[in-house]
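Written out below as structure tokens is the structure these notes cover.
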Amino acid sequence: MSRDDSTERRTDEPNTDRMARRNFLATAGAVAAGAVTTVSSVSAAPGDVAAAINAGGSAYSASDGTSYEADTAYTGGSTSTTADAIADTSDDALYQTERYGDFSYDISVPDGTYDVELHVAENYWNSAGSRAFDVSVEGSEAITGLDIYAQVGHDAALVETVSGVEVTDGSLTISVSATTDLAKISAIRVVEAGSTGGQQPYGGTAWSVPGRIEAEDYDIGGEGVAYHDTTSGNSGGAYRSDDVDIESASEGGYNVGWIASGEWLEYTVDVGTSGTYDIAARVASPSDGNTFNVEVDGTDMTGSTTVPNTGGWQVWQTVDAGSVDLAAGQHVVRVAAETGGWNFNYLELTSSSGGGDDGGSGDPQFPDDPGNLDGRSWSNHWYDHFDQASLDTSVWVDQTGNGHDYGVPGWGNGELQYYSTDNRWLDGDSNLVVEVREETASDEHGTYDYTSGKLVTQGNFDFQYGRVDFRSRLVEGQGLWPAHWMLPAGNTSWPDDGEIDIMELIGQEPATVHGTVHGPNYSGGASIGGPYELDSGVFADQFHVFSVVWDPDEIKWYVDGEHYFTVTRAEVEDTGNDWPFDDNSFWLLLNCAVGGSWPGPPDASTTFPQQMHIDYVRVMKEQ
């Protein structure tokens, strides 16, 4: 093998801060102090529908079976319609009509307790801050400063649920008023909530395991049932209006703070498959010596887990809390503070066994395993061997289109492909296949001459530090651009919060791959990286293992276990730049682009279709 350890600098990388839209979206407005309701950006719990109105529109039967009646029971406002396609919903028509202005609804329902869904979409403005409005329910201000675009962007569905609304006079009153531009609602759905004294998942749906549990979305049920907090009132004043202290988190969303000894929070979870699950917690603290434990169904499953001194109240670190055996079905998870003085952002449960071929031995098999990279012993933290019947969508998320829906036409780099779910599948032989084709695809933004596939773990799986392996067979040819890479979790910006490119290849150089980092003042043309070149053959001929070892102060790149490039904190900081690779956990991406400013467009020599095969992806931790 030959290699070149010199620093590589190149131009025209995508502007990924606009690409990374969070999948877990918290409500934009704060719940008013003293309100008896809670608000979430998820649909209500399943229950009898007491009323459903298609605001500004005619009667409509939704994909979930709800029958919405034509707009009725309103006072004030005007109506409008759009023909725009609406993302993140199967019911475009429900979001293509609206009542706007200052208006109210008085909806006849029997006395009782309800969850009230407000369906909205921003189909006019293209920037945050252009529209904001307040919502009152039953005379209490429930949502303030709702900015639809800030949460989900343009032409995308958003459901805001106001839970635990008490109706005592046979009429449910909903009033809206604008703070910027005009208020709007596309549909209203009122669902019976049942008794407010019982415990139920926040927003009505149990957290899926494997997956992430956001700290602020503890169950509904109140003090002593769903949580225990030693002080009255929400000291942070954000998100919810009970006694749990919630504030905005530096890495996006919210966290629970002001934690005191003896406090606890409970979460209803739904385990998809019986097995062993690793537990990790995202925490912050300015001091050492703090601890917590995790209980399942009333039993302490982890013992004391230490919260280290992370460097501050909003300096986040992921800690390992051990593992737990869980049977399929619903469970109640409790996070219990043994001491105070720390902040809690989220809990993550990942399968200890993952997918994969165990060769009949009970242990997963990883062909071409590079072994103890960097002279260290490693154990599996998470992996996907792609040997299931279908893609694990609890982990992998498709990003589709040409980037317009994410605010980055051409994915910020002049790329030519349209990403489609039809271009990726599992082949039944333990491989994920991503096929790039020369074919026409169209959407409301334009027509494209190529299609391909892109998968990310954003919102479902991320980690901080360790080793990552991709065993892949790539593609070749002018204009093709396969990549395996990582972006930071949370409300982050590019390039300031970093990007780690595990492997990139431009098809006209089929025997060379590149490992790269991007950060503040060293992105695009100033990115820092190095190439690796095969002595013979090309990367489309056979599988190779592409690896990184990520430590707080250093990142190393490998191909088939051979080290070819290193970047260190000291090297970056010696040039006067910041090192963002110890600030956040990162999530994974894999894709095969066509065109773009770096590889250029395909030409007559480029062969279509071509397939990128991924045998396995795994994340490992040092033993």
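Could you look through the range 257-274, keep only residues that are assigned to a strand (DSSP E or B) and in contact with a Leu (Cβ under 9 Å, 6 or more places away or on another chain), and pick out the one that is nearest to THR393 (Cα to Cα)?
Within the range 257-274, the subset assigned to a strand (DSSP E or B) is 264-271.
Cutting the leftovers down to in contact with a Leu (Cβ under 9 Å, 6 or more places away or on another chain) gives us 267, 269, 271.
Values: TYR267: 22, VAL269: 17, VAL271: 14 Å.
The qualifying residue nearest to THR393 (Cα to Cα) is VAL271.
Is it the case that the range 159-168 has a residue that's over 19 Å from VAL49 (Cα atoms), open to solvent by 50 Å² or more (accessible area, probe 1.4 Å) and in contact with an Asp or Glu (Cβ under 6 Å, 6 or more places away or on another chain)? Give the derivation first.
Our first condition is that a residue be over 19 Å from VAL49 (Cα atoms); within the range 159-168, this holds for none.
Scanning the range 159-168 turns up no residue that is over 19 Å from VAL49 (Cα atoms), open to solvent by 50 Å² or more (accessible area, probe 1.4 Å) and in contact with an Asp or Glu (Cβ under 6 Å, 6 or more places away or on another chain).
Quickly run through the range 106-134 and pick out the residues that are at pLDDT 90 or above, assigned to a strand (DSSP E or B), under 22 Å from GLN151 (Cβ atoms) and not β-branched (Val, Ile, Thr).
Within the range 106-134, LEU118, HIS119, ALA121, GLU122, ALA132, PHE133, ASP134 qualify.
Which one is farthest from ALA280 (Cα to Cα), of the residues in the range 463-496 that are of a type in the set (Asp, Glu) and open to solvent by 10 Å² or more (accessible area, probe 1.4 Å)? I'd like the intermediate steps shown before the answer.
Restricting attention to the range 463-496, the residues satisfying the condition of being of a type in the set (Asp, Glu) are 469, 476, 496.
Add one more test, that the residue is open to solvent by 10 Å² or more (accessible area, probe 1.4 Å), and what stays is 476, 496.
On the way: GLU476: 39, ASP496: 26 Å.
The extreme case among them is GLU476.
Identify, by number, the condition in (1) crowded, with 21+ Cβ neighbours inside 10 Å; (2) touching a strand residue (DSSP E or B) at 6+ places or on another chain (Cβ under 7 Å); (3) of a type outside the set (Ser, Thr, Tyr) that ALA511 doesn't meet.
(1)
Just to be sure I understand, how many residues within the range 192-223 are within 30 Å of ASP392 (Cβ to Cβ) and of a type outside the set (Ser, Thr, Tyr)? It would help to see each step written out before you state the result.
Step one: list which residues in the range 192-223 are within 30 Å of ASP392 (Cβ to Cβ), which gives 199-220.
Now narrow it down to the ones that are of a type outside the set (Ser, Thr, Tyr): 199-201, 203-204, 206-207, 209-217, 219-220.
Qualifying residue count, the range 192-223: 18.
Can you tell me which of GLY401, GLY371 is touching a strand residue (DSSP E or B) at 6+ places or on another chain (Cβ under 9 Å), at pLDDT 90 or above and not hydroxyl-bearing (Ser, Thr, Tyr)?
Working: GLY371 fails: at pLDDT 90 or above.
Exactly one of GLY401, GLY371 is touching a strand residue (DSSP E or B) at 6+ places or on another chain (Cβ under 9 Å), at pLDDT 90 or above and not hydroxyl-bearing (Ser, Thr, Tyr), namely GLY401.
Scan the range 51-82 residue by residue and report those that are modelled with pLDDT of 90 or more, among the hydrophobic types (A, V, I, L, M, F, W, C) and not in a strand (DSSP E or B).
ALA55, ALA59, ALA73
Could you tell me whether VAL559 is within 29 Å of GLY459 (Cα to Cα), touching a helix residue (DSSP H, G or I) at 6+ places or on another chain (Cβ under 6 Å) and crowded, with 21+ Cβ neighbours inside 10 Å? Don't jump to the end; show me each part of the working.
Values: within 29 Å of GLY459 (Cα to Cα): yes; touching a helix residue (DSSP H, G or I) at 6+ places or on another chain (Cβ under 6 Å): no; crowded, with 21+ Cβ neighbours inside 10 Å: yes.
Against the criterion (within 29 Å of GLY459 (Cα to Cα), touching a helix residue (DSSP H, G or I) at 6+ places or on another chain (Cβ under 6 Å) and crowded, with 21+ Cβ neighbours inside 10 Å), VAL559 does not qualify.
Give me the pairs, please: first residue somewhere in the range 290-317 and more than 21 Å from ASP462 (Cα to Cα), second residue anywhere and open to solvent by 60 Å² or more (accessible area, probe 1.4 Å) and among the β-branched types (Val, Ile, Thr), beta-carbon distance under 8 Å, and either six or more positions apart or on two chains.
ASN290/THR306; THR291/THR306
Do you know which of the residues in the range 361-404 that are within 28 Å of GLU348 (Cα to Cα) and of a type in the set (D, E, K, R) is least open to solvent (accessible area, probe 1.4 Å)?
ASP384
With the requirement that a residue be surrounded by fewer than 22 Cβ atoms within 10 Å (Cβ to Cβ) and either within 21 Å of the chain's Cα centre (by Cα) or in a strand (DSSP E or B) (or both), what does the range 187-199 give you? Reasoning before the result, please.
Our first condition is that a residue be surrounded by fewer than 22 Cβ atoms within 10 Å (Cβ to Cβ); within the range 187-199, this holds for 192, 194-199.
Within the range 187-199, just GLU192 meets the criteria.
Would you mind telling me which numbered condition in (1) modelled with pLDDT under 95; (2) within 21 Å of THR161 (Cα to Cα) VAL271 fails?
The single condition VAL271 does not satisfy is (2).
Could you tell me which residue of the range 378-413 is nearest to TYR616 (Cα to Cα), considering only residues that are in a loop (DSSP other than H, G, I, E, B) and of a type in the set (A, V, I, L, M, F, W, C)?
Filtering the range 378-413 down to residues in a loop (DSSP other than H, G, I, E, B) leaves 385-396, 399-400, 402-403, 407-408, 413.
Now restrict to residues that are of a type in the set (A, V, I, L, M, F, W, C): 386, 389, 391, 395-396, 408.
Values: PHE386: 7, ALA389: 15, LEU391: 12, VAL395: 14, TRP396: 13, VAL408: 29 Å.
Among residues in the range 378-413 that are in a loop (DSSP other than H, G, I, E, B) and of a type in the set (A, V, I, L, M, F, W, C), the one nearest to TYR616 (Cα to Cα) is PHE386.
Applying the selection to the range 323-342, what residues are assigned to a strand (DSSP E or B) and within 11 Å of THR306 (Cα to Cα)?
Within the range 323-342, ALA337 is the sole residue that qualifies.
Restricting to the range 581-623, what's the tally of residues that are open to solvent by less than 30 Å² (accessible area, probe 1.4 Å), outside any strand (DSSP E or B) and under 30 Å from THR568 (Cα atoms)?
So the count comes out to 5.
Between ASP229, ASP243, which is open to solvent by 30 Å² or more (accessible area, probe 1.4 Å), acidic (Asp, Glu) and free of Cβ contacts under 8 Å to residues at least 60 places away in the same chain? Give the derivation first.
Numbers: ASP229 fails: open to solvent by 30 Å² or more (accessible area, probe 1.4 Å).
Just one listed residue meets the conditions, ASP243.
Taking SER90 as the residue in question, decide whether it is surrounded by fewer than 21 Cβ atoms within 10 Å (Cβ to Cβ), modelled with pLDDT of 90 or more and assigned to a loop (DSSP other than H, G, I, E, B). Step through it out loud before you land on a result.
Working: surrounded by fewer than 21 Cβ atoms within 10 Å (Cβ to Cβ): yes; modelled with pLDDT of 90 or more: no; assigned to a loop (DSSP other than H, G, I, E, B): yes.
No, not satisfied.
I'm trying to understand the selection: among the residues of the range 555-580, which are in a strand (DSSP E or B) and closer than 20 Å to TRP316 by Cβ?
Just the residues of the range 555-580 that are in a strand (DSSP E or B), to begin with: 555-559, 562-568.
Residue satisfying the conditions is ILE555 alone.
What's the total number of residues in the range 141-150 that are open to solvent by 10 Å² or more (accessible area, probe 1.4 Å), closer than 25 Å to TYR114 by Cα and touching a Ser or Thr at 6+ places or on another chain (Cβ under 7 Å)? Can you show your working first?
Initially, the range 141-150 is screened for residues open to solvent by 10 Å² or more (accessible area, probe 1.4 Å), giving 141, 144-145, 147, 149-150.
Still in the running and closer than 25 Å to TYR114 by Cα: 141, 144-145, 147.
Checking the rest, the ones that are also touching a Ser or Thr at 6+ places or on another chain (Cβ under 7 Å) come to 145.
Final tally of qualifying residues: 1.
Tell me which of these ASP300 doesn't satisfy, since it passes every other one: (1) open to solvent by less than 10 Å² (accessible area, probe 1.4 Å); (2) among the charged types (D, E, K, R); (3) closer than 23 Å to GLY211 by Cα.
(1)
The values are calculated or read from the model by the stated rules, or taken from the named source; none is laboratory data. Model, not experiment: these values are computed from the prediction. Reconstructed Cβ throughout: ideal geometry from the backbone, glycine too, with neighbour counts over all protein chains shown. Just the protein is used for accessible areas: all its heavy atoms, side chains included, with ligands, DNA and RNA removed. Shrake-Rupley method; radii C 1.70, N 1.55, O 1.52, S 1.80 Å.
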